[in-house]
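S.K.: Can you read through this structure? Questions will come right after.
Throughout, read-outs are computed from the coordinates displayed, never taken from laboratory work. The structure presented is a predicted model; accordingly, all values stated were derived computationally and were not measured. Counting neighbours? That spans all protein chains shown, and the Cβs are built from the backbone with ideal geometry, glycine included.
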Amino acid sequence: MRIDSATSGNRSKRSSKLRRSITSNAKSLRPTTAKVKSAIFSMLGPKGTHGLRVLDIYAGTGALGIEALQRGATSVTFIEQNAHQCKNIKKSLEKHRLTTRGNIRKGKALNAVCSLKSEFDLVFADPPYELVEFEKLFKRIDAKDLLSKDAIAFLEHSKKTDLPDLLPGLKLSKQRLYGDTAISIYRSDSSATTPSFKEGK
């Protein structure tokens, strides 16, 4: 299994950018907690991720995407800027014998989504809290028609960050709080419920 790069340019520039990327991402890496991960998969209901095509953006360790595959997802595309984390995701896929269903794209999220062509049913997006670019991200995703008609997106962010009721191609369904972390759930279908804001259990 290869790791595809979403970037271009000469080798020296790539090397310089990679060093800065590793340093920056190492400082901001914030894996999804076990409690939040459990809550996310619980909210997916009895069917869970079975048969779904999943996009794991700002994948980090790849924990959400790996879990989705273990729960029956058809495929997962991981987008991660940090080269070291991409290698760790690859190792995890190999360890769990999931390489045939996992695809790793190395690069910045805003660039990497533009290179995608497949349609997705489920999106995980967990950027560093200081990186607020959801609207730009989903504008590009919507322009590429990457979401299925019943797609659902779980966006993890600081509870201090207010997200809009509408993102390109998506409508806010509900929100949950887990300490300092907020999970905003968006749906692409017209049956999304009225937004509510509750403490996570």
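S.K.: Could you sort the peptides 42-50, 177-185, 156-164, 65-73 by per-residue average Cβ neighbour count (10 Å cutoff), highest mean leading?
M.R.: Highest mean packing first, the order is 65-73, 177-185, 156-164, 42-50.
S.K.: What spacing in nm lies between the two simple spin-label points modelled at His50 and Asp180, each 7 Å away from Cα in the Cβ direction?
M.R.: Using points 7 Å along Cα→Cβ, the separation is 3.8 nm.
S.K.: Right, next: Quick one: which of Lys37/Lys149; Lys106/Lys171; Lys35/Lys95; Lys91/Lys171 span more than 30 angstrom between C-alpha atoms?
M.R.: Pairs exceeding the cut-off: Lys91/Lys171.
S.K.: Using 0.36 nm times the number of residues separating Lys95 and Ser38, minus their current alpha carbon distance, what extension gain do you get?
M.R.: Full extension of this stretch gives 18.4 nm more.
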